[in-house]
Amino acid sequence: MMWKTIYIVGIILLLAACKQSGDPGEVQVANFPLSVSNEAPALENGELTYGLVADEPFEGTLNRVFYSGQPDAEIMQFFDESLLATDEDGVISNDGAASYHLSEDNKTITLKIKDGVTWHDGEPVKASDLLYTYELLGHPDYTGSRYTFVVSSIVGMSDYHEGKTDKIAGIKVFDDRTISITFEQATPSILSGIWTAPTPRHYVGDVTTDEMTMDELVSSEKIRTAPIGFGPFKVSKIVPGESVLLERNEHYWRGRPALQRIVVKVVSTASILKALEKGEVDIASIPVDQYDNARKVDEIEILADIDTSYSYIGFKLGKWDAKKKENVLNPNALLANKTIRQAMWHAMDNESIGKMLYKGLRFPATTLIVPVFKTYHDAGNEGRPYDPEKARALLDRAGYTDRDGDGFREDPEGKPFVLTFASMASGESADLIAQYYIQNWADVGLNVQLLDGRLHEFHSFYERVQKDDPAIDLFQAAWGTGSDPDPEGLWGRSAVFNYTRYTSDKNDELLKKGTSEKAFDTDYRVAVYNEWQRLMVDEVPAAPTVYRYALIGVNRRVVNYSIDGNSPNRYVWRWGVSQ
Amino acid sequence: MLTFIVRRTLIMIPQLVLLSLIIFMLAKAMPGDAVTGAAMSSPDMTEAQIEKIREKHGLNDPWFVQYGHWMKRALKGDLGMSYVHKQPVKKLLAGRIENTVLLAFFTLLVTYAIAIPLGLIAGRWNDTWVDKLIVGYNYVSFATPFFVFALLMLFVFSFVLGWFPTGGSVDIRMEEGSWSYVVDKAKHLVLPVLSGALLLTYGTIQYLRNDIIDTKVKDFVRTARAKGVPEGKVYSRHILRNSLLPIAAFLGYEITGLISGSIFIEMIFSYPGLGQLFIQSINGRDFTVVTALVMLSGTAVVVGTMLSDIILSIVDPRIRID
């Protein structure tokens, strides 16, 4: 579920971002549309080509329980669905193939599958198919990445997961179309994180009986080259790693899809613009660094929205305690004093980076909850805007001054203060960005050096950051946030991904409140998360650097296509072509 | 002959074992493993889940223990599971090898189709303008970096002229088994094959040319001419047969080179075969696949050289060793 991207109207936020950076007159990016402008009627039997922009073949694990690559997820959207639809905030709604209601105590959710929802082979989608998804996710042999909090907190799931029982006590199937799932505790995370994608048990085979093993299931052709779903298109053929041919599903529960067929194919990042220009591909994402050239292509329209991922500078404040399974602060860390961290954030000129290197398609980030979560992102929180004067004042106040006149500040005891910065070698601008930040920090008198004097490849970078290499004082990284606004998985005390190793009682308290039963009240949850975002801006375990736009190029012949989370045209079955 | 082949096959075994040992040590020396940096893509993953994955794939054991496990399974023909692709490595390779073999086969075919006539012409009429032209082409092709040339081909013939597709191995809309399917597959092969073949010819042309020039002044050729054998026959019967020896000997090595060379071709032309899989697996730290692939190309090298020796001993009875 976490792959689900939530789309939002970005313009207002963008303007807000401009204003914060003290440059109200300038709008960085043209007003990106969220929907195509072509309003001609769709062809009766149109065919559309969707480009998977990747430099590698897609893996082809076409099942929501097992897949790992993003291209696989993009393919699945055409033939498979979750039972519950989600709204623009990523919260479940009743617009999907099933409706739901929550019990009084908010712990039990009951799903009712609508009439006429059938798998591509004609079998009805059954409640037990959803149960099967959970039986797979929690199975002792399951080694995918999706046995997450929302799954493990189902009543009886941990017993099932440990193999003590073969029934999940908290999941009840009442009849073919009704199923209820009970969680140990009531938390609003259910509303954005619950799994409702069923698995066709009758088709792929059953691992809960002795029919097949988990490994056999994952490598089965029924998942890889002949998968079925209940989505708007049926997979008719797959050339592994390369392309997928999909035909209209005449019995789609929402109605008859507009297109007759869709071809999905892998196109390399180097050739994507040419492919769009020549009409070989109708819809494809465009790498940010090709934006300038993309604007010159008349054949396409560019849509854009804000991405769920953001970049940040993390400050190493402790280490992971493998025994206690939690993060532990190190009071002697070089950056233990939060005033320095605040100063470092103020010293970074993110706006220039966004404008110069990304044509404004990246812009200064303010808080650790991305603006995609419209309701929970605190637009009133300005973060720490670029202000070198303030940075210097903060450092002076903390007692870090230049005593020997070499242009760099010494620590309060007068000893040299040198910080080591780790950054990843990814893309052409990585080096420029790292050097620019180092320059920014030098401008306020901080001596920051690149780890080993160079950038590091993805795996060596994460290997060292993850293992809390004592040589690293700060690092630059990026990640996606998933569909749940809850920051626990990235910033919690027991989160192994919390690479800064920051912890505090206040942080624990707020994160807990944010997923408590009371947080079903949105206003309450907003208040808690606003407070948490303020706490993070005050404590600065990490300084978010830039939020990002994701670009999509669409051929002008495409109609009824939208990336607006509110538009009915966000659903594939509506897409069409006019010529 | 038989003893020769048997002996060569037996020598292969320690060679391959040594190779696997080296690969394993090197693979494990790469920083990180398949779950490193999981936060990037799966921020919901828990620590326990990550540990479970490491445990299942044996990533926590020291490398020699992992090697032991791997060896034991490999002897039974089981190459393990790919973490990234979540399917048995054997199946994964089987799915990709077809494209690479197809590519290698046609590249080799086209290479010889170009090189042998050119080498013959250059050798027979050496120091004429034709010869100079061919030798000139040889120098240029020898000096051109492969990826530059391939990118240029892609740019000119796919992007600008639009004669050939920009990537992939076949258009999915084609009916499998139909004539248009075969034509489309061929169309996808043209650019990668030509890019490879045009640059691979230099060795063959050079050897052939030199050998012909050497041979045509040898005694047995003079004898043939003195007997009144027509000039054309002197070349086709007497000289060519001798001069093709080194070419045949190099066949095995060429095959080996093609398999490792496929990495570049496949990356540039987005042609999904073993080469692309290799890069993808290294980037994803998919150890089982990396090991299997290096073993495969290692085996190709060993078998290729053996093939060369065998061919040589068939065409040239003088060097047959027993």
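Throughout, read-outs are computed from the coordinates displayed, never taken from laboratory work. Quick caveat: nothing in here was measured; it's all calculated off a predicted structure. As a convention, Cβ positions derive from the backbone with ideal geometry for all residues, glycine included, and neighbour counts pool all protein chains shown.
Remarks
- Summary value for chain A: 23 percent relative contact order, contacts being C-alpha pairs under 8 angstrom separated by 6+ residues.
- When you count the other C-beta atoms within 10 angstrom of each residue and take the mean per peptide, A:507-518, A:50-61, A:183-194 line up highest first as A:50-61, A:183-194, A:507-518.
- Cβ-based exposure ranking for B:TRP125, A:TRP573, in which fewest neighbours within 10 Å come first: B:TRP125, A:TRP573
- FRET efficiency estimate (nearest 0.05) - Cβ-Cβ, B:LEU152 to B:LEU109, R0 30 angstrom: 0.85
- Tensor-based shape of region A:422-579 (alpha-carbon gyration tensor, a/c under 1.5 rounded, otherwise prolate or oblate): oblate
- Under 18 Å from the Cα of B:LYS216 - lysines, other chains or at least 8 residues apart: B:LYS227, B:LYS233
- When the listed pairs A:LYS278/B:LYS187; A:LYS338/B:LYS52; A:LYS316/A:LYS415 are checked against a 25 Å cut-off, the alpha-carbon distance exceeds it for A:LYS338/B:LYS52.
- Per-residue average of Cβ from other chains inside 10 Å of A:66-72: 2
- Over 24 Å apart at the Cα level, from the set A:LYS107/A:LYS319; A:LYS126/A:LYS234; B:LYS56/B:LYS91, are A:LYS107/A:LYS319.
- Taking the longest Cα principal axis of chain A as reference, the axis of helix A:127-137 is set at about 40 degrees.
- In order along region B:177-183, the Karplus-derived 3J(HN,Hα) couplings, from 6.51 cos²θ - 1.76 cosθ + 1.60 at θ = phi - 60°, round to x, 7, 5, 5, 5, 5, 4 Hz, and Gly and Pro are given as x.
- Relative contact order %, region A:307-550, counting alpha carbon pairs below 8 Å whose residues are six or more apart: 35
- Which of A:TRP532, B:LEU191, B:ILE121, positive extreme of dipole for the protein assembly as shown (C-beta unit charges): B:ILE121
- When only alpha carbons are used to place a centre, region A:123-163 and region A:426-458 end up 44 Å from one another.
- For a label point 7 Å along the Cα-to-beta-carbon line of A:SER93, residues of region A:538-579 with backbone N under 18 Å: A:560-575
- Separation between Cα centres of region B:102-172 and region A:504-538, rounded to whole Å: 65
- Neighbour net charge for B:THR299 - beta-carbon separation under 15 angstrom, K R +1, D E -1: +2
- For chain A, the fraction of C-alpha pairs more than 41 angstrom apart is 27%.
- Partner chain coverage, peptide B:164-174 - average Cβ within 10 angstrom: 6
- B:LEU26/B:LYS218 FRET efficiency (R0 60 Å; Cβ-Cβ; nearest 0.05): 0.80
- Most to least packed among A:70-82, B:59-71 [average Cβ atoms within 10 Å]: A:70-82, B:59-71
- Where labels lie 7 Å past Cα in the beta-carbon direction, separation of A:LYS506 and B:ALA94 in nm: 6.1
- Simple spin-label estimate for A:ASP452 and B:SER236 gives 6.2 nm between the two label positions (7 Å along the Cα-to-Cβ direction from each Cα).
- Aspartates and glutamates whose Cα lies under 18 Å from that of A:LYS467, excluding same-chain neighbours fewer than 8 positions away: A:ASP321, A:GLU326, A:ASP452, A:GLU457, B:ASP33, B:GLU47, B:GLU51, B:GLU55, B:ASP61
- Listed peptides B:162-168, B:228-234, A:344-350 appear in the order A:344-350, B:162-168, B:228-234 once ranked by packing, highest mean of other Cβ atoms within 10 Å at the front.
- Note on region B:63-91 and region B:251-319: Cα centroid distance 20 Å, given to the nearest whole angstrom.
- Between the helical axis of A:505-514 and the longest alpha-carbon principal axis of chain A there is an angle of about 30 degrees.
- Counting only aspartates and glutamates at least 8 places from A:LYS355 when in the same chain, those with an alpha carbon closer than 18 Å to its own are A:ASP23, A:GLU26, A:ASP289, A:ASP292, A:ASP305, A:ASP307, A:ASP387, A:GLU428, A:ASP431.
- Between helix A:11-20 and chain A there is an angle of about 10 degrees, using the helix long axis and the longest principal axis of the Cα atoms.
- Rg followed by Dmax, in Å, when chain B is reduced to its Cα trace: 24.3, 86
- Partner chain coverage, peptide B:76-87 - average Cβ within 10 angstrom: 4
- Fewest-first sequence of B:PHE287, B:PHE269 by Cβ atoms within 10 Å of each Cβ: B:PHE287, B:PHE269
- Between A:GLU517 and A:VAL173, the distance separating the two model label sites (each 7 Å from Cα on the Cα→Cβ line) works out to 3.0 nm.
- Using R0 = 56 Å, the C-beta based FRET efficiency linking A:LYS296 and B:TYR253 works out to 0.75.
- Each of A:LEU395, A:LEU273 has some number of other Cβ atoms within 10 Å of its Cβ, and from fewest to most they run A:LEU273, A:LEU395.
- Length released on extending from B:TRP179 to B:ILE310, taking residue separation times 0.36 nm less the Cα-Cα span: 43.4 nm
- MRE, 222 nm, helices only [DSSP H, n ≥ 4, -39500 (n - 2.57), over chain A, to nearest 500]: -7000 deg cm²/dmol
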